[in-house]
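Colleague: A single structure is presented below for examination.
Computed from the coordinates by the stated procedures, all read-outs in this text should not be read as laboratory data. What you are looking at is a predicted structure, and each value in this text was computed from that prediction instead of being measured. When we count neighbours, we look across all protein chains shown, and the Cβ atoms used for this are built from the backbone with ideal geometry, even at glycine.
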Amino acid sequence: MDGSNTHPGLQSLYAEMEPHSLYPLWEVLHGLVTPTPQSAAAPHLWSYAPARDYLLRAGDLITAEQAERRVLILENPALRGTSAAVPSLYAGLQLILPGEIAPAHRHSQCALRFVMEGDGAHTAVDGERAVMRPFDLVLTPNWQWHDHGNETTKPMIWLDGLDVPTVRHFETSFAERLPESAQAQAVEDDQSYWLYGRGLRPFRGSTADRRPARQPLFHYPYQDWRESLAMLARSAAPDPHLGHALEFNNPADGGPIMPTIAAHVRLVPAGFRTQPRRATDGTVFVVVEGAGSATIDGRMFTLHERDIFVLPSWNELVLQADTELVLFGFSDRAAQEKLSLFREHRA
Ligand code: GTQ
């Protein structure tokens, strides 16, 4: 209220209307249609070591099978009770111990996995296993059957990124369980990586063209993206606002990896400080390599390997690399671009 809505009849009109679920827009308009985004989320950083300790303690108390998914939710402290890292996206740390299976299910939510530690466990998607190595990106696109298993001798931990809050917003969640806990293996491990991930694809309409047309690829190995990032860093000057940055794309259309979620990696050279940048996408970052800091709307977070931090919409980010800094990030930009909402500002 700006002081001009002072007619004495207004307050009694509001009181009369309220039981009919009718309210005056003019009292709330400026909070609804803001000149710039006002994120409800807070910038936040989770150090990996303590989160990992809690997760391993959970591993002593509940099995992956009992839990269905044994995950610690990285909930934004400003979004208590929502299970959201930023208002549109969920993030969690999942643990699979040796010999365990996280049982097969499918759901409307899209998911990505970014491997934090362990080597050789798998995510099976529609009968095909992706063998997961450190810092690999693995997708489970929506409505595809998936289970996770660990036939190695060490715990496997990865970051889950899902569009849970987006699906909740649209009230479009469906989910099913398979009667058996693991899917039968239909094809060789990582077949689709070889058939769709290397600039090739099975001939259209051939019997080998078995993956869904819009989401053929679901494994983006660390070794590949890291080599490409190293090539970019050798061959060009860093972008002043981003450092060296590469997006993961969906070979079906060249766009983001999934309809709601975009993902990228970036390398900030040792000693480099990025120019301030804002963007409308809320982003969850993982520190893959190196040390430095992220300053988010003036608040500085010190970065160590495997830390996870959240950049809310339209918060200003400055990255400082003390040693060569490599980050993975996922955000809701894919959805925002489809809705013609995405914007950025480079200072
Ligand atoms: O692995 O399918 O962190 O369904 C949350 C919900 C992981 C999964 C999560 C899920 C999964």
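Colleague: Would you confirm, using the coordinates I've provided, whether VAL310 is touching a residue at least 12 places away in the same chain (Cβ under 8 Å) and surrounded by 23 or more Cβ atoms within 10 Å (Cβ to Cβ)?
Modeller: On the way: touching a residue at least 12 places away in the same chain (Cβ under 8 Å): yes; surrounded by 23 or more Cβ atoms within 10 Å (Cβ to Cβ): yes.
For VAL310, the condition - touching a residue at least 12 places away in the same chain (Cβ under 8 Å) and surrounded by 23 or more Cβ atoms within 10 Å (Cβ to Cβ) - is met.
Colleague: Does at least one position in the stretch 212-222 carry a residue that is in a loop (DSSP other than H, G, I, E, B) and among the aromatic types (Phe, Trp, Tyr)?
Modeller: Of all residues in the stretch 212-222, those in a loop (DSSP other than H, G, I, E, B) come to 212-218, 221.
Then keep just the ones that are among the aromatic types (Phe, Trp, Tyr); that gives 218.
Looking through the stretch 212-222, at least one residue is in a loop (DSSP other than H, G, I, E, B) and among the aromatic types (Phe, Trp, Tyr).
Colleague: Restricting to the stretch 70-84, name every residue that is out of contact with any Pro (no Cβ under 9 Å at 6 or more places or on another chain) and on the phi < 0 side of the Ramachandran plot.
Modeller: Scanning the stretch 70-84 gives ARG70, VAL71, LEU72, ILE73, LEU74, GLU75, PRO77, ARG80.
Colleague: I would also like to ask the following. Within the stretch 26-66, track down each residue that is of a type in the set (A, V, I, L, M, F, W, C), touching a residue at least 12 places away in the same chain (Cβ under 8 Å) and within 16 Å of the ligand (Cβ to nearest atom).
Modeller: Scanning the stretch 26-66 gives TRP46, ALA51, LEU55, ALA58, ALA64.
Colleague: What's the total number of residues in the stretch 190-232 that are closer than 26 Å to ALA245 by Cβ and of a type in the set (Gly, Ala, Ser)?
Modeller: Adding up the residues that qualify gives 5.
Colleague: Say whether the condition of being over 19 Å from ASP126 (Cα atoms), surrounded by 12 or more Cβ atoms within 10 Å (Cβ to Cβ) and among the aliphatic types (A, V, I, L, M) is met by at least one residue in the stretch 145-157.
Modeller: yes
Colleague: Still on this structure, please answer the following. If you take the residues in the stretch 125-161 that are near the ligand (Cβ under 10 Å from one of its atoms) and acidic (Asp, Glu), which one is farthest from ALA91 (Cα to Cα)?
Modeller: Across the stretch 125-161, the extreme among qualifying residues is ASP147.
Colleague: Does PHE301 satisfy the condition of being of a type in the set (Phe, Trp, Tyr) and within 15 Å of the chain's Cα centre (by Cα)?
Modeller: no
Colleague: Taking only the stretch 74-130 into account, find how many residues are of a type in the set (Gly, Ala, Ser), touching a Phe, Trp or Tyr at 6+ places or on another chain (Cβ under 8 Å) and over 28 Å from ALA184 (Cα atoms).
Modeller: The qualifying residues number 2.
Colleague: Same structure, new question: Residues being of a type in the set (A, V, I, L, M), under 18 Å from ALA294 (Cα atoms) and buried (at least 21 other Cβ atoms within 10 Å of the Cβ): count how many of those fall in the stretch 244-276.
Modeller: Summing the residues that are of a type in the set (A, V, I, L, M), under 18 Å from ALA294 (Cα atoms) and buried (at least 21 other Cβ atoms within 10 Å of the Cβ) in the stretch 244-276 gives 3.
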